Amino acid sequence: MSFLDLTKQRYSCRAFSSREVEQEKIDDILEVVRNAPTARNLQAQYVYVIKSQEGLAKAKLATPCTYNSPLVFLVCIDMDKVWHSTSEVGVDTADIDGSIVTTQMALEACELGLGSCIVRMFDSKKVQEIFNLPSNIKPILFLPVGYPALKGGEASPRHRDRKKVEEFYKVI
């Protein structure tokens with residue numbers, strides 16, 4: 001499958017079957033994390049693999065958007081390692097690097113026949129507390145992953161609604 005076809009195939013899955021995700025597929029997704037581009041290649045990402053019943057229960061406390069998936073990744077950034085701007089105070093690439101990593105994970109999940117949904121519906125401080133994260137670890141996104149449910153696991157009817165290319169670029 002071409003990369004373009006993969007981007008067209010991937011959608012936000014909001015209903016998962018209870019089928020466990022094989023460790024080989026988890027390992028492939030984590031390999032994508034390792035290879036994801038980050039600012040200055042500092043690789044400040046840190047990913048929590050949540051698959052125990054206790055961990056999944058914590059994830060459900062942190063966000064209403066786990067969709068009963070059997071696997072949830074919590075993508076974080078180590079704020080001691082992330083790139084901080086030397087020319088603009090208070091600017092760093094934590095959210096950007098975390099988003100790049102998560103997007104690549106979601107695309108790999110799709111390539112492996114899995115569904116996923118990129119989630120930012122949570123309170124960061126609550127996530128810090130629930131998962132007892134060190135103070136330098138900033139939660140960026142959750143990524144529920146699993147096999148789509150037979151009922152409700154399909155793409156939203158709005159998924160295929162796309163702007164025309166001419167509507168979002170300008171040559172200057």
* Asked: Among the residues of region 132-165 satisfying the criterion of being among the aliphatic types (A, V, I, L, M) and exposed (fewer than 11 other Cβ atoms within 10 Å of the Cβ), which is nearest to ALA44 (Cα to Cα)?
  -> VAL165
* Asked: For MET105, are the conditions met, namely being under 18 Å from the mean Cα position of the chain (by Cα) and exposed (fewer than 15 other Cβ atoms within 10 Å of the Cβ)?
  -> no
* How about region 51-69: which of its residues are in contact with a Pro (Cβ under 9 Å, 6 or more places away or on another chain) and not hydroxyl-bearing (Ser, Thr, Tyr)? -> LYS51, LEU56, ALA59, ALA62, CYS65, ASN68
* Scan region 11-53 residue by residue and report those that are surrounded by 13 or more Cβ atoms within 10 Å (Cβ to Cβ), out of contact with any strand residue (DSSP E or B) (no Cβ under 7 Å at 6 or more places or on another chain), more than 18 Å from CYS117 (Cα to Cα) and not hydrophobic (A, V, I, L, M, F, W, C). => GLN43
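When you check LEU56 against the structure, is it under 25 Å from HIS159 (Cα atoms) and surrounded by 17 or more Cβ atoms within 10 Å (Cβ to Cβ), yes or no? Show your work before the answer.
On the way: under 25 Å from HIS159 (Cα atoms): no; surrounded by 17 or more Cβ atoms within 10 Å (Cβ to Cβ): yes.
No; evaluated as a whole, the condition is false for this residue.
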* Asked: So MET1 clears everything in (1) of a type in the set (A, V, I, L, M); (2) at pLDDT below 95; (3) surrounded by 18 or more Cβ atoms within 10 Å (Cβ to Cβ) except one condition, right? Which one?
  -> (3)
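Out of all the residues in region 126-136, which are touching a residue at least 24 places away in the same chain (Cβ under 8 Å) and either out of contact with any helix residue (DSSP H, G or I) (no Cβ under 8 Å at 6 or more places or on another chain) or small (Gly, Ala, Ser) (or both)? Outline the logic, then answer.
Going residue by residue through region 126-136, those that are touching a residue at least 24 places away in the same chain (Cβ under 8 Å) are 126-127, 130-131, 133, 136.
Across region 126-136, the qualifying residue is only ASN136.
The values are calculated or read from the model by the stated rules, or taken from the named source; none is laboratory data. Quick caveat: nothing in here was measured; it's all calculated off a predicted structure. Note that each Cβ is placed from the backbone with ideal geometry, even for glycine, and that neighbours are counted across all protein chains shown.
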